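Notes to accompany the following structure.
The values are calculated or read from the model by the stated rules, or taken from the named source; none is laboratory data. All values reported here derive from a predicted model rather than from experimental measurement. Here the Cβ positions follow ideal geometry from the backbone for every residue, glycine too, while neighbour counts run over all protein chains shown. Please note that ligands, DNA and RNA were not included when accessible areas were found on the heavy atoms of the full protein model with its side chains. Shrake-Rupley method; radii C 1.70, N 1.55, O 1.52, S 1.80 Å.
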Amino acid sequence: MKIFSALLCVLLIVSSGFSFANGNSKEVKAAKIIKNANKVEDAFTSRGGMEGWTRVSYIIDKDGTTKDIVVFDYSGKDRYVTKATKLVKNLQYSPALINDKPVTSAQILFVKHTYSEAGHSEGSVTPAFAKEYQAIIDALTSPSANMPSIKISIDELVEDHTKNLNEHALAAWLKSIYYYKNEDFLEYMRQSQITVDLYEYLPIAILAKSTVNLFQSQLYYGNFNGASETLARMGSIDGLNLSQQTHQQFADALKASKATGSANVTKGQLSHLGAWSQAYDPSTFKVEVSQGNVDSVELRCNDYQQKYVEGWENKIEFPAQTSDCILLIRGEAGSTFDILEITS
C-alpha cells in the first residue's frame, strides 16, 4: 500500500513548547502524522477533472487514531466531505504528549483534492473561465455595478467553469471582492482565507492583496490566532518578499489590536455546512448569537474535550491547565455569533 501524504496541507497543528499554569511548567509536544494508509487511487477525488478542498476538525486519541471528524467547510461538492472523512480516518499519529504522557488532542486540516499523483493541481485556467472571470472583474469595478446580477454571474462561474484549484483560488478572490462591496465582511474574511489557503495557485499580486486583506479582517474580528498564522505565512511564502520592517509593522498592528477592549470579542459565522472551527486561547467565555441558531459549542484541547448543547450563552470555562484548544461551533448554516471573553 503506497503512502500518500502530499494531499494533506496542515493549516493548524497544535504547537510544541512549554506552557505555564498555576506556577507549574508543562512540556507539550504536538501530535504528528506517522502513517498515511490512504492509497493513491483513493486519494484522487477529482472525478471528471473536478478538484476541490475541505476543512476538517478532528480529535487525535491517546493511541494516535483519529475520531470525532467534522468537515466544517468545503468547496461545494458533497463527495469531498466523504473523501476527506475517509482520508482523516486513515491517518495514524504519534499522540500529543504532556510531560511525556500521551493525551488526546485536536487539529484542523485543510485537504486539497487534486487529480495529480504528486498532490498538486495540474490544471490551468480555461478560456471559458478566463472570459467570465474578466467580465465579472470589469462589472465589480464599474461605478454602476449591479450587485444582484454580479452574484448570479459568480454563481454561474463557480458552477459551470470552476473545475481545478487554480480556478477555485481565483473564484474565491472574486467572491472576496463581491462580499466586501456588499459589506458582508464575515463572508469576505472567509473568502480571503480560502484565497490564501490556495496561495500556490494565485498570481503573486493577488496573493499579496489577499494576505493583507485577510490579516486586517482577522484583526478587526478578533481572530488573533488566525492573524498570527497569517503573519507567519507572510514571511514564509516565496514571492511575497516581505521586508523585515514591513513584517514588524504587521506584528505591531497585531500587538496593538490585542491590547484594545475589543480584543475580548471574536466574531464568527457558520459555514454552509453549519459549522465553524478555529484555535482559541483558554478562557472563560460565552457565545451570543447575532443571527440564526447555534446548536452546540465544543471544546477540543490537549487532554480535554467537552461538548455543550446548552448553557453556552451564559458561561463556559476551560478547566485549569488546558492548552492548545480549538472551538467547534455547530448550528444553522450562515448563523453569526460573538464569542465574548468574560474577564470578571
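Taking strands (runs of 3 or more DSSP E) as the structural unit, those lying wholly within region 16-125 and holding at least 1 residues that are open to solvent by less than 80 Å² (accessible area, probe 1.4 Å), out of contact with any Pro (no Cβ under 6 Å at 6 or more places or on another chain) and at pLDDT below 80 correspond to 17-21, 24-29. How many of the residues in region 321-339 are closer than 12 Å to residue 186 by Cα and in contact with a His (Cβ under 8 Å, 6 or more places away or on another chain)? Total meeting the criteria: 1. Residues in region 288-324 that are in contact (Cβ under 8 Å) with a residue 40 or more places away in the chain, assigned to a loop (DSSP other than H, G, I, E, B) and open to solvent by less than 50 Å² (accessible area, probe 1.4 Å): 292, 302, 322, 323, 324.
Could we say that residue 239 is modelled with pLDDT under 90 and either under 16 Å from residue 226 (Cβ atoms) or out of contact with any Pro (no Cβ under 6 Å at 6 or more places or on another chain) (or both) here? For residue 239, the condition - modelled with pLDDT under 90 and either under 16 Å from residue 226 (Cβ atoms) or out of contact with any Pro (no Cβ under 6 Å at 6 or more places or on another chain) (or both) - is met. Scanning region 130-169 for residues being aromatic (Phe, Trp, Tyr) and either modelled with pLDDT under 95 or exposed (fewer than 12 other Cβ atoms within 10 Å of the Cβ) (or both) gives a total of 0.
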